[in-house]
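For reference, the structure discussed in these notes is given below.
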Amino acid sequence: MSLTATLALLPMQAAAFDPTGFLVNKVMEFLIDEATKPKKPEYHSEHPVTTRNIPKNSKAGVLEPPVNGYQLEIDGDEYVLAFNSRIRDEGNRLVPTGRIQQEKRIRYTLNSQEQVEKIWLLGPSER
């Protein structure tokens, strides 16, 4: 290789081994890789595994979709939803009555006025 060709390569080689540029490139590669990685889902399944404290004195039944938000039919019996009621889904999250669009297996408790106070929608492992 001639001296002129060697001198022509020196600036390119020096730029390729510049430690500052090398570190900046590695940091940028890392940041771009992290930004483009697929995000992990919040839960590994549709319904996260949780331990729920469903009272032993709760009743089991099948809930039909609510008619108007507060009138319920459980196992053919008519009930009214209490004003302080709580409905929890399979992941133990609170859900409004409007989200119940199909028949569901449940556990429920009644208050002193025989109104439904708490409902737990049961998952496949809880049935």
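Things worth noting here:
- The mean sequence separation of alpha-carbon pairs under 8 Å and at least six residues apart, normalised by the residue count of region 59-126, gives a relative contact order of 35 percent.
- If R0 is taken as 22 Å, the Cβ-Cβ distance between SER125 and ARG86 corresponds to a FRET efficiency of 0.55.
- Net charge over other residues, Cβ less than 10 angstrom from the Cβ of LEU72 (K, R count +1; D, E count -1): -4
- Ranked by how many other beta carbons lie within 10 Å on average, peptides 76-86, 22-32 from highest: 76-86, 22-32
- Over 17 Å [Cα-Cα, region 59-126], rounded percent: 30 percent
- Note on ASP75 and ILE32: their simple-model spin labels are 6.4 nm apart, each label 7 Å out from Cα toward Cβ.
- Charge tally in the Cβ shell below 10 Å around SER85, where Lys, Arg are +1 and Asp, Glu are -1, SER85 excluded: +1
- Of all DSSP beta bridges in region 59-126, antiparallel share, percent nearest 5: 80 percent
- Here the spin labels are modelled as points 7 Å beyond Cα on the Cα-Cβ line, and at ARG99 and LEU23 they lie 4.9 nm apart.
Each value in this text was obtained by applying a stated rule to the coordinates, not by laboratory testing. Note that the structure is predicted; figures quoted are calculated from it, not measured. Here the Cβ is made from the backbone with ideal geometry for all residues, glycine too, and neighbour counts use every protein chain on show.
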